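Below is one structure, written out as structure tokens; the observations come after it.
Just so it is clear, none of the values below were taken in a lab; they were calculated from the coordinates. Please read these numbers as outputs of a predicted model, since none were measured by experiment. Note: ideal-geometry Cβ built from the backbone for every residue, glycine included; neighbour counts use all protein chains shown.
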Amino acid sequence: MMPISHTDILTEDDVYCSCLAKTLCHVPVPVTVGFYAPFGCRLHMMLDKITALMQQEAAQRETEELERVQWRPRPVRGWAFPKLLWYLVFLQPIITEVHLRRKNVKFLFIRFSAWQYAGTDKLWAGLVTTLCEGIRHQYGALPFSVYSVLGTKAATTPGFHQREWQCRHRVCLALLALLAVLSLGVGLLYLSVGARSLSHRASNSSLLRVFGGAATTLSGSGLLMAVYSVGKHLFVSQRKKIERLVSREKFGSQLGFMCEVKKEVELLTDFLCFLEIYQRRRLRVVLEVTGLDTCYPERVVGVLNAINTLLSDSHAPFIFILVVDPSILAACLESAGSMKGTADNGYLFLNRTVTLPFSVPIMGRRTKLQFLQDAVQSRDDLLYREITRKLRPPGGAGARGCEGAHLLEVQTQGRGEREQSRIDAEAARRIREALFCLHDERDCLYEYVPDNVVSMRRIVNTVPITVRLLQQQQGDFGGPSPRQAVAWVVLANQWPCRLSWALQCLEDRQQAGGAPEARSRLWDVFSDHSRELHTMTKPLQNVLDLDGDPELFERFLGADFPFTVAEAQSLLRCTVNLDHSIRRRMGLIRAVSALKPPSPPKSPARDTPHAANGANHAPRVAQAGHPAGHTPVHASEAHQPRDWAQGGKPRPMA
């Protein structure tokens, strides 16, 4: 791979990922990285960039290490595989200062998606088994099985030593002894058969046969036991072993359960240390944990405990990247029953686990423009296919059998083909113009697009529908411009509650006969009724949470895109990304608040006896009986008097 260059840094996200990747290449292990950001496709893209940059940095350091030293890293596959098995059985690694000073590193990336194990009670066991299976898949099942049976832990020697391997004399002597005994037994059996054929005494041949059989059986059983143990570890992986332990409910509640799992993890750590010395490079296992903030609180606690207690050994070469939303994770920790009294503050407990916090900054200008351009580019491909399909000569074999062409003919039935083609061509041109406004850095529209890839794609996919609806309704190509159309789509996507409130207030004023002028601004309509919206924050709390920054909403409608009442009414008929149930809910709430009965009259027993009482009460009764003296109310109650709201029968209108 080529080294990282400045030309590869295109956006702000590339800068963030590059800095984090370089840091993770030098940070001491074990380390737990808190990759804090709301959930979205952007996080997975950044993880992919970090993975690629770390591999690129590792390749660069590998090249520099080869220039500095003479030896090359040992391979573990192909013709070098028997050599690896020989080292596993007969040699013991030694951690030397030369090894500790090595700069070349290899990263093993393992991604753990927590939602795949969300249904199990032991989510942390899925984390451990995923780690074991990832390493087993990387190096094969046989080397780890041989190490589990015959391998030994790496030794440390004081001082400066260049010798990294020492012979395991006990294993060599034991193997020689078994082979010697096996050879002796086979020789005795052979002599017993020869003595029998030479007509020696039967007692001598039987004695040789007994000793030969015993020696052969003992030595052969020892070798078969070793082969059997290796085969057992080969077919029964750590994953199956841990799953069996988890399935035993009685054993799972005991203290020895966690101890057994920890032994398996320590064995895995020792195996990685052996491979480090054998390959002459440092090994780092990068475990990316995603989807943890979508699980139940108790299972989230189990995963964090697994990271803290089982995997955070002082010599473990692990790098954990927790891709989570910290607000959700803190709430899970605080609501977990097992953490009561321990994690009353979820943020403090999270800080004890995470040793390298990395809060993903807000999306920068270049990053946002790049994402918008990518989304628009995919849309352009669809438009290109549609245009080329329209340019095909009619009557072809493909056209006759195309179901889409038949549906298009049904939809456009009753209109002239030339007129419809002209409208479609103009709509395609306007769609391109509207989408270009999204990622045009000279325009301010991209500033109002959210830092969410899903929302960006939602906006890009909605713009063509809105523009086509405008063209179908306005065949003369008049009305709102493409820039206004895409701005309206962004407005409905970012502030659905406030926009719905302004439209509902506008509709109510039109029904009451006091509609504003067509040239009036939509922002003025919202400002006139903003206090009333403030009184409804409790019933509309969930809907208000959908809105973005209110200051940006004011700048959007008040300065950058001052939509008029006429433009809003024209665009409303083409709005497909605004949930109209929000507006209906607001209309019902306004109607109910307008139908509130007047306050009941005070009891005569409690009133102070003076003549003003009757005078004060009379207008109230008259006011209730004569709606014409009211200030204008909602149109929904204009056709019946207010007594209907009090449960009585409706009286005829005066």
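Worth a mention:
- Relative contact order %, the stretch 427-492, counting alpha carbon pairs below 8 Å whose residues are six or more apart: 46 percent
- By the count of other C-beta atoms within 10 Å, a proxy for reagent exposure, C332, C295, C172 are ordered fewest to most as C172, C295, C332.
- When each of L127, L176, L218 is scored by the number of other beta-carbon atoms lying within 10 Å, the sequence from fewest to most is L176, L218, L127.
- Multiplying the residue separation of A174 and Y296 by 0.36 nm and subtracting their alpha-carbon distance yields 38.7 nm.
- Between E64 and D374, the modelled labels are 2.9 nm apart [label points 7 Å from Cα along Cα→Cβ].
- HN-Hα J in Hz across the stretch 267-284 - Karplus 6.51, -1.76, 1.60, θ = phi - 60°, x for Gly and Pro: 4, 5, 5, 5, 5, 5, 5, 4, 5, 4, 6, 5, 7, 6, 7, 7, 10, 10
- For the residue pairs K153/K241; K83/K232; K49/K368; K106/K241, alpha carbon separations beyond 24 Å are given by K106/K241.
- Separation of the stretch 560-589 and the stretch 271-331, taken as the distance between their Cα centroids, equals 48 angstrom.
- Full-extension gain in nm, R429 to S530, via 0.36 nm per residue minus C-alpha separation: 32.5 nm
- Theoretical gain in end-to-end length, H137 to S335 [0.36 nm per residue, Cα-Cα removed]: 67.6 nm
- Kirkwood-type radius of the stretch 495-596, with distances r between different C-alpha atoms, in Å: 14.0 Å
- R74/I362 FRET efficiency (R0 51 Å; Cβ-Cβ; nearest 0.05): 0.65
- Within the shell of other residues whose beta carbon sits under 12 angstrom from the beta carbon of R102, the net charge comes to +2, with Lys and Arg scored +1 and Asp and Glu -1.
- Each label was represented as a point 7 Å from its Cα along the Cα-to-Cβ direction; for L595 and D545 these points are 2.8 nm apart.
- For GluC sites (Glu not before Pro), the sites in the stretch 430-506 that DSSP calls loop and that have at most 13 other Cβ atoms within 10 Å are E441.
- Nearest-0.05 FRET efficiency for K262 and E554, computed from C-beta distance (R0 56 Å): 0.45
- Other residues whose C-beta falls under 9 angstrom from the C-beta of V360 contribute a net charge of 0, scoring Lys and Arg +1 and Asp and Glu -1.
- Order of R365, R282, R299 - criterion: other Cβ atoms within 10 Å of each residue's Cβ, fewest first: R365, R282, R299
- Around G140: net Lys/Arg minus Asp/Glu count, Cβ-Cβ under 13 Å: +1
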